[in-house]
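Please read the structure below before turning to the comments.
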Amino acid sequence: MHFPLLSRSLHPDPRIRRELVELLYTSLPQVMAIGVTSVTGAATLTLLGGDPGYAVISVLIVITASARVFSLMRYKARAAQFTDADVVRWERLYGAGATAFSLALGALSFRALQLGDAPGAWIAFGLSMSYCVGMVSRAAIRPWIILTAAAALLTPTIIAGLMRPELAYNIGAGMLVLFWLTLREASKHLSAAFTERLEAKHRLARQATHDFLTGLPNRAGFLQALASSRGSFTVIAIDLDGFKPINDRHGHHAGDDLLRQVAERLTACAGADGIAARFGGDEFMLLKPIADAEPGRNEALALARRAVFDLSMPFRLSDLPVCIGASAGITVSSGALSHGSTAQFLERVDRALYAAKRAGGGCAWADDTDDERPCCNGTGSALPSPAAA
């Protein structure tokens, strides 16, 4: 099923989309309350009026209300495993459930007006307004749901009002159209304000864990990723060789541009399952899952070689080619790090990096816990290309 309104209102950030949908599914108490109230009202009209139409509508209200409660409970139980695509599907499901319930409740008003049952119309319309107000309070963050569900709720009443011969009912039907337009503007305003707050919250959170210049994770963001790493992985510390002379000669603006280009190349090296981070100044880190044992060490070495090689290729600063080098220190872990071992692990990769720098730069050294071993000729000469490694 395709929802054009949903497609146009999806937030580009999947984290914010998830938060918005999670807020929808925190409305279980309100949904249960309006469900019980509506079932009670419909059942009362059925018993008092003895109309088979009321009976059919009462059954529809029971079914749709029960389905909505079931979906809310199911979402809560399974939300932790949902992918971004699952989140979008569950938003559609919420919208479909709200619309189906709205249509059933609107049918109750339609039947009451059709029968000329003034007390029944009063009860049904009161239920509709109660549901409408509650829906705005909990679902305004997703305007397409408000627009679709409110249209399904009010349309039967509007049609029934226009079918009545009395002018007052006709005028009332027209006022309900204006009421829907008011809901539309209110939900758009509330949604925009709430989304802006979420975006601001995420921007602040990102500033705490990301480098403002390169957009890469900073030291805090890298340490968070390192703490959550499982299985075998490698950490490669990279220090730029020859960055300071370029920064001094061409100025800080050019130096910043160079760092951004370095970040782009390292991000490409890390790949989709790896992380490139700026640790500070001209020092960067790579974190990437690898295979176990010796094959994994070979992967780490190949990654370090590629990073050093890629950073040895010319950069363009204001259309001028400039060249720098890089040194890399490699450390491999066969499992998750404990809180106390993280500092020791990072000291090992620092020792390997310093060994590469002492060797003359343009080199990668691996730390084997007990000793350090070079992954190049150790003379500071440039590494061969990854294809030849």
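A few points about this structure:
- Distant-in-sequence amide contacts of Ser232, defined by a placed amide H-H separation under 5 Å and a gap of 5 or more residues or a different chain, comprise Ile290.
- 3J(HN,Hα) along segment 237-242: 8, 10, 10, 6, 9, x Hz, from the Karplus curve 6.51 cos²θ - 1.76 cosθ + 1.60 with θ = phi - 60°, whole Hz, x for Gly and Pro.
- When the chain is treated as a GNM with alpha-carbon contacts under 10 Å, the residue of Arg78, Arg138, Arg260 showing the greatest mean-square fluctuation is Arg78.
- Linear extension gain, Ala227 paired with Val59, 0.36 nm per residue minus alpha-carbon span: 55.2 nm
- Here's the picture: a label point sits 7 Å out from the Cα of Phe212 along the beta-carbon direction, and within segment 251-286 nothing has its amide nitrogen under 12 Å of it.
- Proximity of backbone amide H atoms, modeled 1.01 Å from N, is registered between Asp241 and Gly325, Ala326, Ser327 at under 5 Å, excluding neighbours fewer than 5 places apart on the same chain.
- Probing with 1.4 Å while keeping every protein chain in the model, the per residue accessible area of segment 169-300 equals 53 Å².
- Mean separation of Cα contacts under 8 Å (6+ apart) over length of segment 115-229, as relative contact order %: 22
- For segment 227-355, the carbon plus sulfur part of the accessible surface works out to 53%, probe radius 1.4 Å.
- Whether segment 124-210 is rounded, prolate or oblate, judged on the alpha carbon gyration tensor where a/c under 1.5 counts as rounded: prolate
- FRET efficiency for Ala77 and His189, using Cβ-Cβ distance with R0 set to 30 Å, rounded to 0.05: 0.35
- Rounded to the nearest 10 degrees, the angle from helix 14-24 to the longest Cα principal axis of the chain is 30 degrees.
- Residues Phe70, Phe279, Phe125, sorted by accessible area with the largest first, give Phe70, Phe125, Phe279 [1.4 Å probe; ligands and nucleic acids excluded].
- Contact order normalised by residue count of segment 83-159, Cα under 8 Å, 6+ apart, percent: 47
- Theoretical gain in end-to-end length, Asp84 to Leu320 [0.36 nm per residue, Cα-Cα removed]: 80.7 nm
- Whether segment 250-355 is rounded, prolate or oblate, judged on the alpha carbon gyration tensor where a/c under 1.5 counts as rounded: prolate
- Folded to 0 to 90 degrees: helix 252-270 orientation relative to the chain principal axis, Cα: 80
- FRET efficiency for the Ser66 to Thr26 pair, using the beta carbon distance and R₀ = 30 Å, is estimated at 0.95.
- Amide H contacts under 5 Å for Phe279, placed H, 5+ residues apart: Phe284, Met285
- Using alpha-carbon coordinates, inclination of helix 341-358 to the longest axis of the chain, degrees: 40
- Rounded to the nearest 20, the Cβ-based charge dipole of the chain about its Cα centre (Lys and Arg +1, Asp and Glu -1) stands at 960 debye.
The values are calculated or read from the model by the stated rules, or taken from the named source; none is laboratory data. Treat the numbers as computed from the prediction; the structure is a model and nothing was measured. In this analysis, Cβ positions are derived from the backbone assuming ideal geometry, glycine residues included, and neighbour counts consider all displayed protein chains. What goes into the accessible areas is simple: the full protein's heavy atoms, side chains included, and nothing from ligands, DNA or RNA. Shrake-Rupley method; radii C 1.70, N 1.55, O 1.52, S 1.80 Å.
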